[in-house]
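Remarks on the structure that follows.
The values are calculated or read from the model by the stated rules, or taken from the named source; none is laboratory data. The structure displayed is predicted, hence computed values, not measured ones. So basically every Cβ, Gly included, is an ideal-geometry build from the backbone, and we count neighbours across all protein chains shown. For the accessible areas, the whole protein counts, side chains as well, though only heavy atoms, and no ligand, DNA or RNA atoms are used. Shrake-Rupley method; radii C 1.70, N 1.55, O 1.52, S 1.80 Å.
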Amino acid sequence: MNKKIALLAGDGIGPEVMAQAVRVLDKVAAKFNHTFAYTEALVGGAAYDVHKEHLPQTTIDICNQSDAVLFGSVGGPVDKQHEEKWANCEAKSILALRKAFSFNINLRQMALFSEISSLSPLRHELLKNGLDIVIFRELIGDVYFGEHTLTEKDGQRFAFDSGSYTEEQIRSIADYAFNVARKRKKQLISVDKANVMAMSKLWRQVVSEVAKNYPDVEYSDMLVDNCAMQIIKNPAQFDVILTSNLFGDILSDELSVLSGSVGMMPSASFSASGLALYEPAGGSAPDIAGKDIANPIAQILSASLMLAYSFNMLDEANAVNNAVKQTIIDGYRTGDIMTNSTHEIKVGTTEFTNQVINRL
Ligand code: IPM
Ligand code: MG
């Protein structure tokens, strides 16, 4: 097959982990006889340097002309947030991109194989059978795209944020998540704060209506504070989690470290148009950028999700996943997933990927 892929590497560790994902894709293309044509496009601070904006129209055009978008990460150092280049960089690039293409469904995949459960901060007995959890996060509603005001009122500083959901927004992602749950363990937990928030009350109503169309899927609701606790106490109870934008942002970071590091979690964002964007769930990590020490796993597994979901190349995606898994089982580790046990071999970004490619 011939596929056109837009590469939006962005800032921080984005370009170096993106380069590794492309090497893996090249190996897949050679092995399975495909042609991947890449078009690089600027986003984030990198785009600002050239265009004085974080999401230039040329980048949107390139995404539109591609079969899928592979995204790296955006954002600058904490101490430089006041600079025009970095101020609100994330909102002006990745959030704007999600909105521009209506990427409303975000899937984040957390997998911890039992062979490497020592990477997890949790006790081994909680992880005996490994973990395999998918979280669906609604991506273009909630407080993310409401009004945000920081002002003064009655002589003191005052902040105001608003958020909203329509029933159609909720139904769209709920349908998608139930369909995926059906192909997995047939179990779905919907997470909200229905004891306080109107958005959550609607969320619960609509999800329970959608659930009636999937009687084969065991469905329940959980409050978000309890969910944060249950993920630590008994993560094996979860298979598919379905939640709103802000809760999904928080819970997906929590889930990601159960597998050892935020550098391990890939994600896919879908829209009704069929175009999808794939990105690591972690950030741009400017403090370790350019040192060849960043963990490339989330970027490589995001490319694997692209193979599976956008190109229907399931054997190819499995081959990549297995190569990553075997590399970890064989002891190769970037610094963030070192546990100081005797069988570990510390390697950098490029060398880790070399080992993945050798196993493909
Ligand atoms: C994520 C990120 C973004 C978000 C930031 C960079 C705006 O944390 O993709 O999880 O909050 O959605
Ligand atoms: Mg986040």
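Taking the square root of 5 times each eigenvalue of the Cα gyration tensor, what semi-axes in Å does the equivalent ellipsoid of the stretch 288-347 have, largest first?
They are 25, 15, 6 Å, listed largest first.
What would the Debye equation give as log₁₀ I(q)/I(0) for the stretch 235-360 at q = 0.09, 0.16, 0.18, 0.19 Å⁻¹, counting only Cα atoms as equal point scatterers?
-0.28, -0.89, -1.10, -1.20
Explain nothing, just the number: relative contact order of the stretch 1-120, from Cα pairs under 8 Å at least 6 residues apart, as a whole percent.
Across the stretch 1-120, relative contact order equals 31 percent.
When a/c is below 1.5 the answer is rounded, else prolate if a/b is larger than b/c, else oblate, so apply that to the stretch 193-238 with a ≥ b ≥ c taken from the square roots of the Cα gyration tensor eigenvalues.
Because a/c hits 1.5 or more and a/b fails to exceed b/c, the stretch 193-238 counts as oblate.
Choose one answer from S271, S259, S190: the residue with the largest mean-square fluctuation in a GNM of the chain with alpha-carbon springs under 10 Å.
S271
Would you kindly give the portion of the calculated P(r) for the stretch 1-137 that falls above 22 Å, as a percent of all Cα pairs?
53
For the chain, give the magnitude of the charge dipole about the Cα centre (Cβ charges: +1 Lys/Arg, -1 Asp/Glu; no others), in debye to the nearest 20.
800
Taking the chain as a Gaussian network, where each spring joins two C-alpha atoms under 10 Å apart, which residue of V50, V69, V196 fluctuates the most?
Answer for the Gaussian network model of the chain: V196.
Which whole-Hz ³J(HN,Hα) couplings does the stretch 169-177 yield from phi under the Karplus relation 6.51 cos²θ - 1.76 cosθ + 1.60, θ = phi - 60°, glycine and proline marked x?
4, 6, 4, 4, 6, 5, 4, 4, 5
Looking only at the chain, where both bridge partners belong to it, what percent of the DSSP beta bridges are antiparallel (to the nearest 5)?
Percentage antiparallel, nearest 5: 45.
How large is the helix-only mean residue ellipticity at 222 nm for the chain, computed as the sum of -39500 (n - 2.57) over DSSP H runs with n ≥ 4, divided by its residue count, in deg cm²/dmol to the nearest 500?
Mean residue ellipticity, 222 nm, calculated: -11500 deg cm²/dmol.
Which value, in Å³ per residue, describes the convex hull spanned by the Cα atoms of the stretch 83-134?
Per residue, the Cα convex hull of the stretch 83-134 comes to 123 Å³.
Identify, among L126, L255, V206, the residue whose Cα sits farthest towards the positive end of the charge dipole of the stretch 121-258, taking +1 on the Cβ of Lys and Arg and -1 on the Cβ of Asp and Glu, with the dipole about the Cα centre.
Farthest towards the positive end: L126.
Per residue of the stretch 118-128, in order, report the coupling 6.51 cos²θ - 1.76 cosθ + 1.60 (Karplus, θ = phi - 60°) as ³J(HN,Hα) in whole Hz, putting x for Gly and Pro.
My calculation for the stretch 118-128 gives 5, 6, 7, x, 7, 5, 4, 5, 7, 10, 3 Hz in order.
Looking only at H51, H124, H148, which one moves most when the chain is put into a Gaussian network model with springs between Cα atoms under 10 Å?
H148
For the stretch 214-360, with all protein chains present and a 1.4 Å probe, just round the carbon and sulfur fraction of the accessible area to a whole percent.
52
What fraction of the DSSP beta bridges in the stretch 121-258 is antiparallel, stated in percent and rounded to the nearest 5?
Counting DSSP beta bridges with both partners in the stretch 121-258, the antiparallel share is about 35 percent.
Would you please give the FRET efficiency between E152 and K186, computed as 1/(1 + (r/R0)^6) with r the Cβ-Cβ distance and R0 = 45 Å, to the nearest 0.05?
Taking R0 as 45 Å, the efficiency between E152 and K186 is 0.30.
With equal scatterers on the alpha carbons only and no solvent term, can you work out the Debye log10 of I(q)/I(0) for the chain at 0.10, 0.12 1/Å?
One equal scatterer on each Cα of the chain leads to -0.62, -0.91.
Considering Cα pairs under 8 angstrom that are at least six residues apart, work out the relative contact order of the stretch 121-258 and quote it in whole percent.
Across the stretch 121-258, relative contact order equals 36 percent.
Rg (Å, one decimal) plus Dmax (Å, integer) for the alpha carbons of the stretch 121-258?
16.7, 57
Which of the trypsin sites (Lys or Arg not before Pro) across the stretch 96-179 are loop residues per DSSP, with 13 or fewer other Cβ within 10 Å?
Passing both the DSSP loop test and the Cβ count: R123, K128.
Averaged per residue, what accessible area in Å² does the chain show with a 1.4 Å probe, protein chains only?
On a per-residue basis, 44 Å².
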